[in-house]
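Student: Take a look at the following structure, please.
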Amino acid sequence: MTKGYYCPAGTGNAREFACPGGYYSSATGAVDISTCTICPPGTFCQGGNSDYSNVCPAPYYCPNGTTDPLPCPGGTHGKGQVGKTNYTECSVCPAGYYCKPGSATPTPCPEGTYNPVEGRSDVWQCVLCDVRNVLFSDVLTC
């Protein structure tokens, strides 16, 4: 019998029935799916796992029972921190930058543009500079 799998009576192959994605089993000799345990938050299990040692990488988050890590949403970034359990642990993209979904770090607005607002998710949200922006804005890349 193999960890990460279960073998109902009459099973001919020890790897015929894997614990499904989002679950793992460290048991040997398991005979039904009830021995599969949900993968805890901050980790992911792709099926047939014998443990939950796959720590959720940056810039992703992994809620309870994750099969594949989920990217931090647009307007946020996941710089550095691994093992995030919820999208709320992703950092808000700062003013002057934008962050596409799954961004590891913020991307600065291109030269000649600026962004005075936090949480922007795309370059088109950077605004062209003009004289008024240069004189009155606090956040510039102009």
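No value in this document is a laboratory result; all are computed from the given coordinates. This one's a predicted model, so the numbers in the text were calculated from it and none came from an experiment. Cβ atoms come from the backbone with ideal geometry, glycine included; neighbour counts cover every protein chain shown.
Student: Do you know which residues across the stretch 82-113 are of a type in the set (D, E, K, R) and surrounded by 20 or more Cβ atoms within 10 Å (Cβ to Cβ)?
Tutor: Residue satisfying the conditions is Lys84 alone.
Student: Output the residue which, of all residues in the stretch 10-20 that are in contact with a Gly (Cβ under 9 Å, 6 or more places away or on another chain) and part of a loop (DSSP other than H, G, I, E, B), is farthest from Asp51 (Cα to Cα).
Tutor: Filtering the stretch 10-20 for residues that are in contact with a Gly (Cβ under 9 Å, 6 or more places away or on another chain) and part of a loop (DSSP other than H, G, I, E, B), the one farthest from Asp51 (Cα to Cα) comes out as Arg15.
Student: Further, regarding this structure: Tell me which residues, restricted to the stretch 40-81, are of a type in the set (Val, Ile, Thr) and either touching a residue at least 40 places away in the same chain (Cβ under 8 Å) or crowded, with 21+ Cβ neighbours inside 10 Å (or both).
Tutor: Within the stretch 40-81, Thr43, Thr66, Thr67, Thr76 meet the criteria.
Student: Now, a different point. Here's a check for you: in the stretch 21-39, which residue that is assigned to a loop (DSSP other than H, G, I, E, B) and crowded, with 16+ Cβ neighbours inside 10 Å is farthest from the chain's Cα centre (by Cα)?
Tutor: Among them, the one singled out is Ala30.
Student: Those residues that are of a type outside the set (Asp, Glu) and surrounded by fewer than 18 Cβ atoms within 10 Å (Cβ to Cβ), I need them from the stretch 4-17; list them, please.
Tutor: Within the stretch 4-17, Pro8, Ala9, Gly10, Thr11, Gly12, Asn13, Ala14, Arg15 meet the criteria.
Student: Mind checking which residues of the stretch 97-124 are touching a Phe, Trp or Tyr at 6+ places or on another chain (Cβ under 8 Å), part of a loop (DSSP other than H, G, I, E, B) and within 13 Å of His77 (Cβ to Cβ)?
Tutor: Those that are touching a Phe, Trp or Tyr at 6+ places or on another chain (Cβ under 8 Å), part of a loop (DSSP other than H, G, I, E, B) and within 13 Å of His77 (Cβ to Cβ): Gly102, Pro106, Arg120, Ser121.
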